[in-house]
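Below is one structure, written out as structure tokens; comments come after it.
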Amino acid sequence: MISLAAVWLAITAVAQHFDDFFDGRTLRLDYVFAGNHDAQHIYLEQMCVTPQWAGRKSRLADVPLKGNGQIQVKDHATGQLLFVHTFSTLFQEWLATEEATQVSKAFATSYNVPMPKQPVDVTVSLTDFHGKVVTSLTHTVDPADILIRQIGDNGIPYHYIWKGKTLPVDSKTADKPGKRDYTPTEGPLDGEPDITECIDLVIVAEGYTRAQMGKFYGDCQRVVDALFAHEPFTSMKDRFNVVAVAAESLTSGPSVPHLGRWSATPVGTHYDTFYSDRYLMTQDIHRLYDVLSGVPFEHIIVLVNSDTYGGGGIYNQLTVTTSDHPTFHQVLVHEFGHAYAGLGDEYFYDDAYESMYPADTEPWEPNLTTLVDFKSKWADMVPKGTAIPTPPDPKVPNYRQIKNEKEQRMLDAATQRVGVFEGGGYQSRGVYRPAQECRMKINEVASFCPVCSRAIQRITDFYTAHD
């Protein structure tokens, strides 16, 4: 059995230097994923090129997590694997709903890969809940193709809220394409942000009118404060840049279909996704990427101007959260755990139409297991003598019935006891989580459990480490 550490360090392709194959720009690939429960299809809609590449420049052909889909970029002449990106999608979540058995739908999505110098073959594939490829598309990209759309500055202002690192003061970066307005910055560093050494996180305004942009920037600072108040993000603050993108809405707030309210917003978020009142998401990632044209980014938070509970997070696609609900801090960090680190939901209620975690398959999420391949998960973190499954500690108070600070401390302490607790991934049986309570299970605790914290640390190391 291959250990997780071995997988993490394995070289999955011939080592290469970024500049040997890529020219420093971003190739944006716009796809449409369509179909139903029984058959899925992938269509290429268009390709665009933007001025700067903000993603990793090492470990190009490695992956930290499997996800539910993958993009591979191979040299057309030799077949050498040059770059891999994994992801999950709203489309695949929808496939688990009853509606997907009754109708076919299409979901627009976009992905960034480095712009190649020579022709490459791009393969995008989707997997089912057993990890098996169910559909794929391969197409050739010739960088000389005149129909690759050249896009850049769209006029939407953006401001850096935090810079983890900046370029040396003698760097000649003043005329770099895509530069707009790098003020104000609340971090301690002045100067051009270093987009190659840091993880570039954008916060997109949604449901903020022009008159509300002052509120948006204030809310963005609250996002930074909330995120970096939680370990391990606190200790890794210098590995992130955070930029606020001030996309104006014609009307304030998002769309709320069950109230008959449809708002004119930049990326079309709405409540009632999959007919769930609190699921706030967008199905049109093309629009989102249009808003981000020219902005160097790797991860996205769509900040929705609303005081109603809602949001969502999809691995390597986006986080959506509301600005003014009392649980803003908790929901933001939880949903970002999904989108950034691929963490799974640890709560359960057994009312899903279809199981997303079948008993014969080990989940790819680092904080869930079916015990099919537990050695690849957190087996090394479980104390000797711990029962598997691990019975919950009856002394830990119910989070719905906390009466005083002592009980809250007991609840928070439960996040640090690593075991194998049954219940997770929306299922009360057959799926196991690493702690009795964790930020990925309930909002009422202060922190991530050690397993989730390690997962966040590892994926940050993956993005920021060098060969």
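The values are calculated or read from the model by the stated rules, or taken from the named source; none is laboratory data. It should be emphasised that the depicted structure is a prediction, and the values quoted were computed from it without experimental measurement. Neighbour counts are summed over all protein chains in view; Cβ atoms, including those assigned to glycine, are modelled from backbone coordinates with ideal geometry.
Quick notes on this structure:
- Residue count for the stretch 335-361 under the criterion of being among the charged types (D, E, K, R) and exposed (fewer than 15 other Cβ atoms within 10 Å of the Cβ): the result is 4.
The rows are residues; the columns are (1) aliphatic (A, V, I, L, M); (2) more than 19 Å from the chain's Cα centre (by Cα).
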position	(1), (2)
Lys215	no, yes
Ser235	no, yes
Phe240	no, no
Asp290	no, no
Val295	yes, no
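- The residue pairs whose first member lies in the stretch 36-53 and is under 24 Å from Ile146 (Cβ atoms) and in the same structural domain as Tyr111 (by TED's automatic domain parsing), whose second member is among the basic types (Lys, Arg) and assigned to a loop (DSSP other than H, G, I, E, B), and whose beta carbons are closer than 9 Å, counting only pairs six or more residues apart or on different chains, are Pro51/Lys176; Gln52/Lys176.
- Members of the stretch 362-402 found to be loosely packed, with under 15 Cβ neighbours inside 10 Å and of a type in the set (Gly, Ala, Ser), listed by number: Gly385, Ala387
- Residue match in the stretch 57-72 (condition: small (Gly, Ala, Ser), touching a helix residue (DSSP H, G or I) at 6+ places or on another chain (Cβ under 9 Å) and either part of a helix (DSSP H, G or I) or assigned by TED's automatic domain parsing to the domain that holds Val141 (or both)): yes
- Which numbered condition Tyr432 fails, given (1) out of contact with any Leu (no Cβ under 7 Å at 6 or more places or on another chain); (2) crowded, with 22+ Cβ neighbours inside 10 Å: (1)
- Here is the figure for the stretch 28-66: residues that are charged (D, E, K, R) and either within 18 Å of the chain's Cα centre (by Cα) or under 22 Å from Phe129 (Cα atoms) (or both) total 6.
- Complete set of residues in the stretch 212-265 that are charged (D, E, K, R) and touching a strand residue (DSSP E or B) at 6+ places or on another chain (Cβ under 8 Å): Asp219, Lys237, Arg239, Glu248, Arg261
- Residue among Asp277, Asp272, Asp238 that alone is among the charged types (D, E, K, R), out of contact with any helix residue (DSSP H, G or I) (no Cβ under 7 Å at 6 or more places or on another chain) and in the same structural domain as Pro193 (by TED's automatic domain parsing): Asp238
- Given (1) crowded, with 20+ Cβ neighbours inside 10 Å; (2) in contact (Cβ under 8 Å) with a residue 40 or more places away in the chain, index of the condition Glu197 fails: (1)
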